[in-house]
Each structure stands twice: as structure tokens, then as C-alpha cells.
Amino acid sequence: MDKNSSADMNADGTKRSLTNRHVQMIALGGTIGTGLFLGASTTISKTGPSVIFIYMVIGLFFFLLMRAIGEMLYKDPSQHTFIAFISRYLGDKTGYFAGWTYWGGLIFMVMTELTAVASYVQYWFPHLPAWIIQVTLLVVLTSVNLIAVRLFGEAEFWFAMIKIVAILAMIVTGIIMVFSSFKTPTGHVAISNITNNFSMFPKGFKSFLTALPMVFYAFTGMEFVGITTAETKNPHKVLPKAINSTIIRIVIFYIGALLVIMAIYPWQNINTSQSPFVQVFSMIGIKFAASLINFVVLTAAASSINSFIYSAGRHLYQLSTESDTHIMNQFQNISSRKVPARCILFSAALMLIAPLVSLFSSITTLFQLISSTTSDLYLIVYALTVLAHYKYRKSADFDPDGFIAPFYKVVDPLLIVFFAIIYGCLFINGSAISATLGILWCVGFGFASSREKSTQELPSDVSGR
């Protein structure tokens, strides 16, 4: 093995195959989800133009979260997940709780996305059974993850490219319509559609609050770029660049798209039952607009599933390295393809529950409730991650020459308050049951984790620096 290839190998047998091109597009793809393509109409209808303010504030907090995660991963880029730092700085029991909670959330999020993918495909093939669609896609994307991490990176590159092209096309179209004062069924395209009679809470403060969790979940998954660090070439150069460009991506792809949508349509006239992208492209005469956006959303969902499979495999692998049980030790194996194949396969096997659910409609409601609960628990894991960062900054491990997160003494407490506010808003936006179940999970599984004997104490700093 030559010097370069040796440098690209990790001590655990995984390989640093992801390039800057892959990571930058994974960062883009992680920022842009189906929430923008499908959910923007609903959030706009709840808040009007003030939705821009919501996206800006929540986007800023996510950026600050990414800076905290990025600082710890910069210090120790050998870690496959940020959960490792929760174990290191908050204790192995807390890491056990966070790791299994986050991994379970990934499994259910894949199952939710698989359910959505089936409906997207059935748009063109209404008689094709949902379970066949779901199993086929899961097998294909699991295979992508098993073959090589570089293939995963290539898949994410092109998935992200499709989303980016669609958004940029819509933004450019909107700008042209503004400058030409394009006539619409509701008037003319103009910036005044955004500014006229502006009100911060046009449908009341409660409606404004209910939109907060919706926008928050549009950003979830942004942290996936950090999970690629251990398999990225030259992470000390690539990781800061990917994280620092987060703000630019939010401004262009979220704020830019929303401003264009509301300039084209007075926000009171937006059809909440249809994607705003479909409405815009249909208006300029693209007859296949619905099919086009359905394809884009399909690829966005496939991208999410691909990333979730990747992330679930690495999180299960991380959990196995922090356990001293015989069963979990079996998951520490790295395949000849330099990936944690057993962890990927086991995670994917559990994801097959989604096709089973599609065969039994009687349990669909229960499945949706569990999925909502697990996604709510992401807020708890994020808060624990911030606490771990705070402890890191006060520890002997702190690297003053690293990728420093700014003003941590103020920012970290603000992040935790922010997560608490978002969780509180769940109780007024129709998610009270899942939010309550999330609290019960924290109490029940938190107690069980505190008594867990299978975890092993980790050294304070295993970075070797």
C-alpha cells in the first residue's frame, strides 16, 4: 500500500473515500428536503411573509448547532458520529440513551420516507403495490451503501444536483416574471405581493408558533454532513468549508425560493393542497409540471433514504464500539469493501417493516404516531449534543487552534432554550400526543440507560492528537 492510500485508511478499517465534491453536495442535499418542495405552501399560509423570518432564525440556530458539531469532529475526525462526543463528555450511559434513540429515529424516518416514495411512484403507476416499490428501492439503496462509501457519495451528488437545479430553475423563472411584471390569475408578479399590508402575525401568534416545528423539521438532516467526516479525505479542510457554507445555502435555496413564491402569488392565494413549485411551473405553461416536481420530490426522498441508511449503519457501528456485549461485538466487523456491512444490513432489515405496514392499513395510524414520536426525540439528542460541546470547551481536550464555534458560553445555552421552545410548540400544533410520548420515552428509556451495564467507559480523548 502506498503512502497516500495508507493515509486514507482509518484504524478501524474504514476508508476515507469521500472527496470535497461529494461532501459539498451531501451538505447541500442535507439542507434541502422534501419539506421545501411540498410543505412550503402550508407554512406560508400560516404565517404569510413572516415565514422568511422563521426560516432565517431556525436556519441560524441549525448553523450554530453545526458549528458545535463541527468543532468536535474537527478535533477528532476519526469518529463516525457526533453521538460519540455525548458518550465522551456526558458519560457512557447518556451516550447509550442518545445513540439508541437517534438510531431508532433514523430507522423510523426511513420507513416514513419509504411510505412517501410509494405514493410518489404510484402517481405514475397507480396499480403498482406499495410494498414492491418500497422493497425495491430499499434493496437498491442498501446495495449502494454496501458496495463502497464512494458510490454512496456519487449517488448523493446526483440526487442533490436534481434538487438544486429544480430550485434554481424556479428562482430564475420567478426573477424573470418579476422584471416582466408577469400577469397571473390573481394580479401581477411583483415584490409588492410580499410587502403590501405586511403583518408579523397575520393569522395570530398561535398560528405563527405552530409553523415553527414544521420549519424546524424541514432542516433536520443537516447534521448528516458531519457523519461523513470519518470517511472524508482531508476532513480538516473539507468539513469547515461544508459547514460554513450552510448560511449561503439557506439564503439561496430557502429564503430565495420562498421570496420568489410569494412574489408570484400573494400569500393569501397560495393553494395549500399543491406544491408551490407545481403552481409556479404550471403558471408559465409547463404542462408536465406536476410530473416534473413529483420526480424531483421522489429523488429528494430517495436521497434522504440513502443518507439515513448510511447514517444508521454508522450509528449502529458506533454503538457496537461502545458496548462490551458479545452480540454488539458482532457488529464491529468492517467488510472487505471498507464499510460496516453488518450494521447496514441489520438496519435495513428493520426498515423492511415499512412494506409490512403498507399491507396492514389497520396499524398505519400507530406507525405514524411512533414515527412522529421518534422525530420529536431528535430535539433531545440535539440538546445533548450541545451540552457535550459545552463540556468539551471546558475540558482539557479543547483545541484552541481548531474549528472554533463562536461565543459558546452564550450560544450553547441559547440553543438548548431554542430546542425547548420548539418542543413546547409541538403541544399546540397537533403533535401533543407524540410530544408526550417523547417525554415518556426519555423518562422510561433514560432510567433504563442509567442502569445499563453493557456500555464501556471511553477515554476522554481518543483522537490521538
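Just so you know, all these numbers are worked out from the coordinates, no wet-lab data involved. None of these values were measured; they are calculated from a predicted model. In this analysis, Cβ positions are derived from the backbone assuming ideal geometry, glycine residues included, and neighbour counts consider all displayed protein chains.
The table below lists the values:
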item	result
Cβ-based charge dipole, the range 18-450, positive-most Cα from 151, 420, 382	151
Virtual spin-label span in nm between residue 436 and residue 197, 7 Å along Cα→Cβ	3.9 nm
Label-point separation in nm, residue 140 to residue 252, each point 7 Å along Cα→Cβ	2.8 nm
Ordering of 288-295, 308-315 by packing [mean C-beta count within 10 Å, highest first]	308-315, 288-295
Computed FRET value (nearest 0.05) for residue 286 with residue 448, which takes r as the C-beta separation and R₀ as 51 Å	0.40
Net lengthening on full extension, residue 175/residue 398 (0.36 nm per residue, minus Cα-Cα)	75.6 nm
Segment residue 407-residue 19, extension gain: residue separation times 0.36 nm, minus the distance between their alpha carbons	136.6 nm
Farthest toward positive dipole pole in the chain [+1 Lys/Arg, -1 Asp/Glu at C-beta], among 185, 74, 272	185
Two-site FRET efficiency, residue 183 against residue 205, from Cβ-Cβ distance with R₀ of 45 Å, rounded to 0.05	0.80
Using alpha-carbon coordinates, inclination of helix 20-31 to the longest axis of the chain, degrees	60 degrees
10 Å-binned pair-distance histogram of the range 36-150 (Cα, whole percent)	11, 22, 31, 29, 8, 0
Selection from 90, 215, 312 lying farthest towards where the dipole of the range 18-450 points positive, charges on Cβ	215
Per-residue ³J(HN,Hα) for the range 446-454, Karplus 6.51 cos²θ - 1.76 cosθ + 1.60, θ = phi - 60°, Hz, x for Gly and Pro	x, 5, 4, 5, 5, 9, 5, 10, 7
Highest average packing first - 140-149, 64-73, Cβ atoms within 10 Å	64-73, 140-149
Structure-based [θ]222 nm, the chain - -39500 (n - 2.57) summed over DSSP H runs of at least 4, per residue, nearest 500	-21500 deg cm²/dmol
